[in-house]
Amino acid sequence: MFPYPEQYRQAAPPILTAFMVFWSLLSRLILGGSSSIAFYPLFGLFPLVILLHGQLIWQAKGMERLDQGVYAFIHIALSFVVWTFSLMHVNGNGFS
């Protein structure tokens, strides 16, 4: 179907992380702060990133599993920080 399906699978988690940033910026601009509609996609995106990394580890063979595990560990840690700040940005002044 796609010419390079492995590269698309590898790029899916970082693309979702980038979508978190764009969604938080656009939803705050359009919907305003503390909109419950803006929170629901963010609550689903981070677990989806974790599941996609799990799928990448599961489908890997041999020593490539170690590579996928390191990739998952680093990206999930960075994605958690991005996700946290996306939630804080969408929330607006709700924390203060």
## Note on the structure
In the set Ser35, Ser79, the lone residue that is open to solvent by less than 50 Å² (accessible area, probe 1.4 Å), at pLDDT 95 or above, of a type in the set (Ser, Thr, Tyr) and touching a Ser or Thr at 6+ places or on another chain (Cβ under 9 Å) is Ser79
#### Entry: Top-ranked residue in segment 20-33 [being touching a helix residue (DSSP H, G or I) at 6+ places or on another chain (Cβ under 7 Å) and in a helix (DSSP H, G or I); ranked as farthest from Val81 (Cα to Cα)]
Leu31
### Message
Going by what's in this entry, would Leu42 be described as in contact with a Ser or Thr (Cβ under 6 Å, 6 or more places away or on another chain) and surrounded by 12 or more Cβ atoms within 10 Å (Cβ to Cβ)?
### Response
yes
### Task
May I ask you to list pairs of residues, at least six apart or on different chains, whose Cβ atoms are under 6 Å apart, with the first in segment 12-30 being more than 25 Å from Gln55 (Cα to Cα) and the second being open to solvent by less than 60 Å² (accessible area, probe 1.4 Å) and among the hydroxyl-bearing types (Ser, Thr, Tyr)?
Ser24/Ser86
### Message
Tell me whether segment 63-70 contains one or more residues that are in contact (Cβ under 8 Å) with a residue 60 or more places away in the chain and either part of a helix (DSSP H, G or I) or under 12 Å from the mean Cα position of the chain (by Cα) (or both).
### Response
no
### Task
Please find, within segment 1-29, the residue that is surrounded by the most Cβ atoms within 10 Å (Cβ to Cβ) out of those that are farther than 19 Å from Ala60 by Cβ and touching a His at 6+ places or on another chain (Cβ under 8 Å).
Ser24
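The values are calculated or read from the model by the stated rules, or taken from the named source; none is laboratory data. Bear in mind that the values here come from a model prediction, so they are computed numbers and not experimental data. Glycine gets a Cβ as well: all are built from the backbone with ideal geometry, and neighbour counts include every protein chain shown. Accessible surface areas use protein heavy atoms only, side chains included; no ligands, DNA or RNA. Shrake-Rupley method; radii C 1.70, N 1.55, O 1.52, S 1.80 Å.
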